[in-house]
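Step one of this worksheet: look at the structure below.
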Amino acid sequence: PVEQVEPDPDKKTLVILVPLPGTGWGAISLLKKLDTENYNVVVISPRNFFLFTPLLPSCTTGLIEHRSVMEPIRNIIRQKKGVVKYYEAEATKVDFENRLVHISDDSEIKGEVSNTVVPFDMLVVGVGAENATFGIPGVKEHSCFLKEVGDAQQIRKRIMDCVETALFKDQTEDEVKRLLHMVVVGGGPTGVEFAGELQDFFEEDLKKWIPEIKDNFHVTLVEALPNVLPMFSKQLIDYTESTFKEEKITVRTKTMVKKVTDNSIEAEVTKPDGSKEIETIPYGLLVWATGNAVRSVVRDLMNQIPAQKSSRRGLAVNEYLVVNGTENIWAVGDCAITNYAPTAQVANQEGAFLARLFNTMAKTDDIERELKKLSAAQAVAKNEEERNKVFDEIKERQKQLRRTKQIGPFQYSHQGSLAYIGKERAVADISWVSGNFASGGTMTYLFWRSAYLSMCFSTRNRCLVAFDWIKTKIFGRDVSRE
Ligand code: FAD
Ligand code: NAD
């Protein structure tokens, strides 16, 4: 373990507003690759762990236990050199003009001080995004989201609560049908993967453990657009929709939810003739997965910077991920607006790029400092020979400086898109195989599993996930409601 000492005053204070090795994809990736001997890093996040989101849908049914996809920030920091601090707190406001980050401890246990400020020289915002609700009434009050560990735990509990309540003595037939109707809103990858996992749970375990529910348990996926998974090719969209049909998941496309109550959704359905109709769909469990919205701390920062006026979906950044209208604020991941989709893959590459950029900047500072010293030495050189020696060294350092300064802008390299669709099948659009390779099916599923296993944060995570898969194969998922 690295001894925690007071921050070195000669260094800059780098505050990563979330994960440095921080806690989300962008920040963790930055922290991992950053040479922390050159910066005083302060990680601020209410979540003291990194979450491997691609396997979060599997945690909703207990296929994977949530702790298997979490990596404690303390474990990450422990392996860094220099001083890296972590505060379990939310960044509530970035004071752009005074270079301050206001932080607040919103956890259950609070000390005498739970609000304070952290000054910064350079700031990296990596707070991600929140769940989009589009202001639709009732969404926040009645549905479950699927972004954090707590969401997956809540869903797992509610599935079993719906099942057990449906089996309550003398329950009416309509109520049993409603309670066992699992509705997922949003046909993006989050909604599709969750629907697939839920149907697997029913087919592989619930049906066997609780056969009384087998005629009424039903999953419906609701999507406003004409098809699900719009980022995948037409062939894979068709493959997903036909697999869902086989799995008996109902896909309701061209159905836009407009209102949510505690037991039903109201949706505007576009009929084949183009006419529109309002339909009420009762549900027992409602999972809302309609994409990202800007966090309030990011919106507030945008409002302080005139150059961000026209930006709507997050912080507009330049090709070096510098927030437009600032010189010392960078943004990574879902809170930054680039030409790429808000994915873990993009956030991960952005974090790694910033680490390279900052490491280079630190090296440049070192060389410039040395150049100053050499110039002074040249001025007081005693003879021609000494002067020439210093001159050669200066030339060498200047060459080094030019090389170091040649870091190009951020370029994203797309490795492909993968999504699990249930029934041990996955879809993949992979660009690194000659041309564009689109595939779906069991082989793709095995590829999906091995790819995600290899991408897990640590060997510990990899082992835990593999054990969970084996455990479930042998014993089935645990249906206790806890
Ligand atoms: P996040 O990873 O969301 O991290 C944000 C961090 O900021 C968190 O630690 C949070 O606690 C912290 N935070 C929030 N507010 C504050 C605040 N005010 N102050 C300080 N800290 C704060 N992408 C893929 O490429 N492939 C996939 O297979 C995939 N699967 C996904 C599955 C699910 C269920 C979900 C929800 C997303 C998935 N994604 C996937 C998308 C991917 O997870 C995101 O694009 C990625 O997490 C973005 O990284 P980020 O660092 O910007 O934000
Ligand atoms: P998304 O934005 O990809 O999809 C949301 C869907 O909800 C859209 O298709 C939209 O038309 C629909 N929708 C919006 N409002 C609606 C309404 N009122 N009624 C019905 N449908 C409505 O969101 P996501 O799936 O949460 O994904 C967020 C990001 O994370 C994306 O960039 C995605 O690529 C990424 N992600 C990737 C993976 C993966 O690669 N396997 C998995 C999960 C998430």
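The values are calculated or read from the model by the stated rules, or taken from the named source; none is laboratory data. As the structure is a prediction and not an experimental result, all values here were calculated from the model. Reconstructed Cβ throughout: ideal geometry from the backbone, glycine too, with neighbour counts over all protein chains shown. To get the accessible areas, we keep the full protein, side chains included, count just its heavy atoms, and leave off ligands, DNA and RNA. Shrake-Rupley method; radii C 1.70, N 1.55, O 1.52, S 1.80 Å.
A132's amide H: which non-local residues (gap 5+, or another chain) put their own amide H closer than 5 Å, with H modeled 1.01 Å from N in plane and none for Pro or chain starts?
For A132, the qualifying residues are T290, G291, N292, A293.
Mind giving me the FRET efficiency for S107 and K81? R0 is 35 Å, r the Cβ-Cβ distance, nearest 0.05 is fine.
Between S107 and K81 the formula returns 0.80.
On the protein heavy atoms, probe 1.4 angstrom, tell me the percent of accessible surface of segment 140-254 carried by carbon and sulfur. Walk me through the numbers on the way to the answer.
On the way: 2750 of 5350 Å².
That share works out to 51 percent.
Give the cross-link partners of K214 among the lysines, using a straight C-alpha distance below 16 Å as the criterion and excluding same-chain residues fewer than 8 apart.
Output for K214: K177, K248.
Solvent-accessible area per residue for segment 124-219 at a 1.4 Å probe radius, Å²?
Spelled out: the 1.4 Å probe surface of segment 124-219, per residue, equals 43 Å².
In segment 78-234, what % of DSSP beta bridges are antiparallel (nearest 5)?
65 percent
Toward the positive end of the charge dipole of segment 354-395, about the Cα centre and with charges on Cβ (Lys, Arg +1; Asp, Glu -1), which of N383, N359, L371 goes farthest?
N359
Can you give me the relative contact order of the chain as a percent, contacts being Cα pairs under 8 Å and 6 or more apart? Please list the in-between numbers first.
Numbers: 922 pairs, mean separation 85.7, N = 482.
That works out to 18 percent.
With every protein chain left in place and a probe of 1.4 Å, what is the accessible surface of D174, to the nearest 10 Å²?
Taking all protein chains as shown, D174 has close to 120 Å².
Can you tell me the 0 to 90 degree angle between the C-alpha axis of helix 149-166 and the longest principal axis of the chain, rounded to 10?
In the chain, helix 149-166 runs at an angle near 10 degrees to the longest axis.
Relative to the present Cα-Cα distance, how much length would full extension add between S431 and E368 at 0.36 nm per residue of separation?
Length difference between fully extended and current span is 18.5 nm.
Would you mind checking segment 357-379 for residues with the amide N under 17 Å from a putative spin-label position 7 Å along Cα→C-beta of T404?
So the set is 357-376.
Computed on alpha carbon atoms, what radius of gyration and Dmax characterise segment 193-295, expressed in Å?
Here Rg and the maximum Cα pair distance are 15.1, 44 Å.
Looking at the chain only, what percent of DSSP beta bridges run antiparallel? Nearest 5 please.
Of the beta bridges lying entirely in the chain, close to 55 percent run antiparallel.
Just flag the trypsin sites (Lys or Arg not before Pro) in segment 406-482 sitting in loop per DSSP whose Cβ has no more than 14 other Cβ atoms within 10 Å.
Answer by residue number: R481.
Mind ranking F168, F201 by accessible surface for me, highest first, 1.4 Å probe?
Descending order: F168, F201.
Would you kindly calculate the translational diffusion coefficient of segment 334-482, applying Stokes-Einstein with the Kirkwood radius from alpha carbon pairs, for 4 °C and a viscosity of 1.567 mPa s, and quote it in µm² s⁻¹ without decimals?
It diffuses with D of about 63 µm²/s by this estimate.
Dipole of segment 122-248, Cα-centred, from +1 at each Lys and Arg C-beta and -1 at each Asp and Glu C-beta, to the nearest 20 debye?
200 debye
Considering the options V149, I28, T133, tell which one lies farthest towards the positive end of the dipole of the chain, charges being +1 on Lys and Arg and -1 on Asp and Glu at the Cβ, about the Cα centre.
Highest projection toward the positive end goes to I28.
Restricting to DSSP loop positions (anything but H, G, I, E, B) with no more than 14 other Cβ atoms inside 10 Å of their own Cβ, which GluC sites (Glu not before Pro) remain in segment 81-172?
The qualifying sites are E97, E108, E112.
Measure out, as a whole number of angstrom, how far apart the alpha-carbon centroids of segment 29-54 and segment 272-299 sit.
For segment 29-54 versus segment 272-299, the Cα centre distance is 33 Å.
Gain in length, S233 to N339, computed as 0.36 nm per residue apart minus the alpha-carbon separation, to one decimal in nm?
Between S233 and N339, full extension yields an extra 36.2 nm.
Could you pull the accessible area for R369 with a 1.4 Å probe, rounded to 10 Å²?
140 Å²
Given H placed 1.01 Å from N in the peptide plane, which residues other than close sequence neighbours of T261 have an amide H under 5 Å from its amide H?
Placed amide hydrogens put E266 under 5 Å from T261.
Quick one: Debye curve from the C-alpha atoms of segment 284-341, no solvent, what's log10 I(q)/I(0) at q = 0.13, 0.18, 0.22, 0.25 Å⁻¹?
-0.35, -0.59, -0.82, -1.02
Could you tell me the extents of the chain's C-alpha atoms along the three principal axes, largest first, rounded to whole Å?
101, 58, 49
Suppose every K and R has +1 on its Cβ and every D and E has -1 on its Cβ; what is the size of the dipole of the chain about the Cα centre, in Debye to the nearest 20?
1200 debye
Which value at 222 nm does the chain reach when only helices count, each DSSP H run of 4 or more adding -39,500 (n - 2.57), with the total divided by all residues and rounded to the nearest 500 deg cm²/dmol?
-11500 deg cm²/dmol
Once ligands and nucleic acids are excluded and a 1.4 Å probe is used, how much of D215 is accessible, expressed in Å² to the nearest 10?
Rounded to the nearest 10, that gives 130 Å².
To the nearest Å, what is the center-to-center distance of segment 399-419 and segment 329-357, using C-alpha atoms only?
Segment 399-419 and segment 329-357 have Cα centres separated by 12 Å.
Please list, ordered by chain and number, the residues whose modelled amide H lies under 5 Å from the amide H of K423; skip anything fewer than 5 residues away on the same chain.
D200
Let me know the charge dipole size of segment 243-370 about its Cα centre in debye, to the nearest 20, where only the beta-carbon of Lys, Arg (+1) and Asp, Glu (-1) is charged. Could the numbers behind the result be given before it?
Working: 16 positive and 17 negative charges, 100 e Å.
Around 480 debye, computed over segment 243-370.
Counting heavy atoms of the protein chains only and a 1.4 Å probe, report the per residue accessible area for segment 65-121 as a whole number of Å². Don't skip to the end; give the middle numbers.
Working: 3450 Å² over 57 residues.
Ligands and nucleic acids excluded, the figure is 61 Å² per residue.
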